[in-house]
Amino acid sequence: MGKFVIKATKTGYTFSLKAANGQVIAVGGEVYNSLASVKNGIASVAKNAPIANLEDQTISGFKTETNPKFEIYKDKAGEFRFRLKAKNGEIIAASEGYVKKDSCKNGIASVRKNAVDAPVTEPDDK
């Protein structure tokens, strides 16, 4: 089972979603100003990831999906990435860069699976 890890930064709080093996599979889409708001962001990922549509923006003439959705795109370095958008269109989670699109899709599948009922580790937890 995966877990969400909250980190305190100089300007607020961020979170990452880690798979059971400890690998980071997604990070929060913003820096939150309070512990309550970062927990709301985590709850949004847990709620939206399993039901999100998939929009592959690397295909010409791709179909625009409705939110919530995962968007697969290529970054400036030519790597595949995904971002998860909530119903309101806000980016609530994003991935690292992947060399292969299949690896990116596996990352999305991992977020869908690991976000549900994942425990949350707060900054003071050891």
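Computed over the chain, the alpha-carbon pair-distance distribution with 10 angstrom bins reads 14, 45, 32, 8, 0, each value a whole percent.
One decimal place: the segment Lys47-Ile91 gains 14.5 nm when fully extended, by the rule 0.36 nm per residue minus the C-alpha distance. Straight-line reach from Lys39: which aspartates and glutamates fall under 18 Å, measuring Cα to Cα and dropping same-chain residues less than 8 apart? Straight-line reach from Lys39, under 18 Å: Glu30, Glu90, Asp117, Glu122, Asp124, Asp125.
Of the DSSP beta bridges with both residues in the chain, give the percent that are antiparallel, rounding to the nearest 5.
Details: 22 of 28 bridges.
Approximately 80 percent, going by the DSSP bridge assignments.
Calculated [222 nm] ellipticity per residue, helices only, for the chain: -7500 deg cm²/dmol; basis is -39500 (n - 2.57) per DSSP H run with n ≥ 4, divided by all residues, nearest 500.
Would you work out the relative contact order for the chain, in percent, from Cα pairs under 8 angstrom that are 6 or more residues apart? Write down the numbers at each step before the final one.
Details: 262 pairs, mean separation 35.4, N = 126.
Worked out over the chain, it gives 28 percent.
Solvent-accessible area per residue in region 7-58 equals 52 Å², computed with a 1.4 angstrom probe and all protein chains kept. Ordering Ser95, Leu54, Pro119 by the projection of their Cα atoms onto the charge dipole of region 50-126, which places +1 on the Cβ of Lys and Arg and -1 on the Cβ of Asp and Glu, puts Leu54 at the extreme positive end. If only the Cβ of Lys and Arg carry +1 and only the Cβ of Asp and Glu carry -1, the dipole of the chain around its Cα centre is close to 120 debye. When the surface is traced with a 1.4 Å probe over the full set of protein chains, Ser60 keeps roughly 110 Å² accessible.
When the chain is treated as a Gaussian network with alpha carbon springs shorter than 10 Å, the biggest mean-square fluctuation among Lys100, Lys39, Lys18 belongs to Lys100. The aspartates and glutamates whose alpha-carbon is closer than 20 Å to the alpha-carbon of Lys105, local same-chain residues fewer than 8 away aside, are Glu55, Asp56, Glu65, Glu71, Asp75, Glu79, Glu96. At a 1.4 Å probe, what is the % contribution of carbon and sulfur to the accessible area of the chain? Taking all protein chains in place, the chain shows 50 percent carbon and sulfur surface.
The values are calculated or read from the model by the stated rules, or taken from the named source; none is laboratory data. All values reported here derive from a predicted model rather than from experimental measurement. Every residue, glycine among them, receives a Cβ derived from its backbone with ideal geometry; neighbour counts consider all protein chains shown. Quick note on the areas: whole protein, heavy atoms, side chains included, nothing else; ligands and nucleic acids left out. Shrake-Rupley method; radii C 1.70, N 1.55, O 1.52, S 1.80 Å.
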